[in-house]
Amino acid sequence: MGRVTLSQYLIQQQRAHKEIAPDLAALIEVVARSCKAISAAIGKGALAGILGSHGTQNVQGETQKELDVISNEMLIEATEWGGWLSGLASEEMEQPYSIPAQYPRGKYLLLFDPLDGSSNIDVNVSIGTIFSVLPCPKGVNDPAEKDFLQPGRNQVAAGFVVYGPATILVITLGHGAVAFTLDRETGTFLLTSENIGIPEDTSEFAINASNARNWHPPVKRYIEECLAGKTGPRGRDFNMRWIASMVADVFRVLSRGGVFMYPKDAKHEKGRLRLLYEANPMSFIIEQAGGAATDGDTRILDIQPTALHQRVGVVLGSKNEVVRVTDYHRE
């Protein structure tokens, strides 16, 4: 028997776990199909004439890349019509997107960052898409912002795609984390990593060192101890990695362990990453792979959102390192 396709895997999960509804499986397949189209567009690079700035800003005041806008539109057009969703929200849109009246409504809410790491587009560094699926509150047919403000532990599925040398899809349905690689010849996602497990210990960390002057004391303490190497309190050497693309950094953590940090600091007192579009789905996946994720104090999946585009500090990856950083904050 050959490799398991995404479709086969989802059917297997439905049979093994009765709470995984056919509508949820169908939604994930459609999101994956849309990501194939995004991957194809990215793969053409300058040949497609879609690099560079779109000339607009998103709700966070960030300059939108042409591919940001294109990817956002692709995901909306792929998912709005099928009857799986009651609503969706995107990092690129100020308000939730209402499903057009001519389409049936479903029982899920989709949240996504259509193109994570888009500052890397023009320099050909790995970028990606992140998505999260929440249940729509019962009795709600046209969800408002408040209906999306659910803690991450409510997620029924989450995933991300890395558009790199290979296009890789990582998903969780709440029963472990798995990865699929896109066979570009057949256009099929094939299972390539089952039961992903993150080592509890690591000698690798990822952080943007250019923010060192703004770090709070617990972060400075942790990084200084790592950099001290064998002669320091940790008694071993650490390597630092930083791609400036969360999907790529997190995939490396899933592949070989490590800790990824984008903490709160003097410049970003509330944090830099978005809770609903980035931190929650990534934390769900990391925990399902045996890792941990906090904002420096609180488990990310337990944070009650108060705004659609809320930002948060993030420390995630190998459990023992995340616990250490969190303990330093609590001290």
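Going by what's in this entry, would Thr202 be described as at pLDDT 95 or above and closer than 20 Å to Thr5 by Cβ? Give the derivation first.
Working: at pLDDT 95 or above: yes; closer than 20 Å to Thr5 by Cβ: no.
It is false that Thr202 is at pLDDT 95 or above and closer than 20 Å to Thr5 by Cβ.
How about the stretch 292-327: which of its residues are over 13 Å from Lys264 (Cβ atoms) and in a helix (DSSP H, G or I)?
Going through the stretch 292-327, the residues over 13 Å from Lys264 (Cβ atoms) turn out to be 292-293, 299, 301-302, 304-309, 316-324, 327.
Hits for the stretch 292-327 are Leu301, Asp302, Lys319, Asn320, Glu321, Val322, Val323, Arg324, Asp327.
What's the number of the condition Ser283 fails, among (1) surrounded by 24 or more Cβ atoms within 10 Å (Cβ to Cβ); (2) part of a loop (DSSP other than H, G, I, E, B)?
Here Ser283 clears every test but (2).
Is it true that some residue in the stretch 154-166 is more than 30 Å from Arg3 (Cα to Cα) and in contact with a helix residue (DSSP H, G or I) (Cβ under 6 Å, 6 or more places away or on another chain)?
Step one: filter the stretch 154-166 for residues more than 30 Å from Arg3 (Cα to Cα), giving 154.
Retained after the next criterion (residues that are in contact with a helix residue (DSSP H, G or I) (Cβ under 6 Å, 6 or more places away or on another chain)): none.
Taking every residue of the stretch 154-166 in turn, none turns out to be more than 30 Å from Arg3 (Cα to Cα) and in contact with a helix residue (DSSP H, G or I) (Cβ under 6 Å, 6 or more places away or on another chain).
Only one of (1) in contact (Cβ under 8 Å) with a residue 60 or more places away in the chain; (2) in contact with a Gly (Cβ under 6 Å, 6 or more places away or on another chain) is not met by Ile285, so which one is it?
The single condition Ile285 does not satisfy is (2).
Among the residues of the stretch 170-199, how many are within 30 Å of Val219 (Cβ to Cβ), in contact with a Ser or Thr (Cβ under 6 Å, 6 or more places away or on another chain) and assigned by TED's automatic domain parsing to the domain that holds Gly159?
1
Could you check, for the stretch 219-227, whether at least one of its residues is touching a helix residue (DSSP H, G or I) at 6+ places or on another chain (Cβ under 6 Å) and not assigned by TED's automatic domain parsing to the domain that holds Ile38? So that I can check it myself, show each step before the final result.
From the stretch 219-227, those touching a helix residue (DSSP H, G or I) at 6+ places or on another chain (Cβ under 6 Å) are 221-222; that's our starting set.
Remaining after also requiring not assigned by TED's automatic domain parsing to the domain that holds Ile38: 221-222.
Yes - at least one qualifying residue is present in the stretch 219-227.
Can you name the residue in the stretch 211-264 that is assigned to a strand (DSSP E or B) and over 18 Å from the mean Cα position of the chain (by Cα) and, of all such residues, is surrounded by the most Cβ atoms within 10 Å (Cβ to Cβ)?
Trp215
From the set of residues in the stretch 94-127 that are part of a strand (DSSP E or B) and among the hydrophobic types (A, V, I, L, M, F, W, C), which is farthest from the chain's Cα centre (by Cα)? Outline the logic, then answer.
As a first pass, look at the stretch 94-127 and keep what is part of a strand (DSSP E or B): 97-98, 108-116, 127.
Filter once more, so that each one left must be among the hydrophobic types (A, V, I, L, M, F, W, C): 109-112, 115, 127.
Numbers: Leu109: 16, Leu110: 13, Leu111: 10, Phe112: 8, Leu115: 10, Ile127: 11 Å.
Of everything passing the filter in the stretch 94-127, Leu109 is farthest from the chain's Cα centre (by Cα).
When both residues are 6+ apart or on different chains and their Cβ atoms are under 7 Å apart, which pairs have a first residue that lies in the stretch 22-37 and is more than 12 Å from Val161 (Cα to Cα), and a second that is of a type in the set (S, T, N, Q) and surrounded by 22 or more Cβ atoms within 10 Å (Cβ to Cβ)?
Short answer, once both residue conditions are applied: Leu27/Thr79; Val30/Thr79.
Would you pick out the residues in the stretch 71-93 that are outside any helix (DSSP H, G or I) and either under 17 Å from Gly128 (Cβ atoms) or touching a residue at least 40 places away in the same chain (Cβ under 8 Å) (or both)? Show your work before the answer.
Of the residues in the stretch 71-93, the ones outside any helix (DSSP H, G or I) are 80-93.
Within the stretch 71-93, Gly82, Gly83, Trp84, Leu85, Ser86, Gly87, Ala89, Ser90, Glu91, Glu92 qualify.
Is it fair to say Ser39 is buried (at least 17 other Cβ atoms within 10 Å of the Cβ) and under 21 Å from Gly187 (Cα atoms)?
Working: buried (at least 17 other Cβ atoms within 10 Å of the Cβ): yes; under 21 Å from Gly187 (Cα atoms): yes.
Judged against the criteria, Ser39 is a match.
The values are calculated or read from the model by the stated rules, or taken from the named source; none is laboratory data. Keep in mind that this is a model prediction, so the values were computed, not measured. FYI the Cβ positions are ideal-geometry reconstructions off the backbone, even for glycines, and counts take in every protein chain you see.
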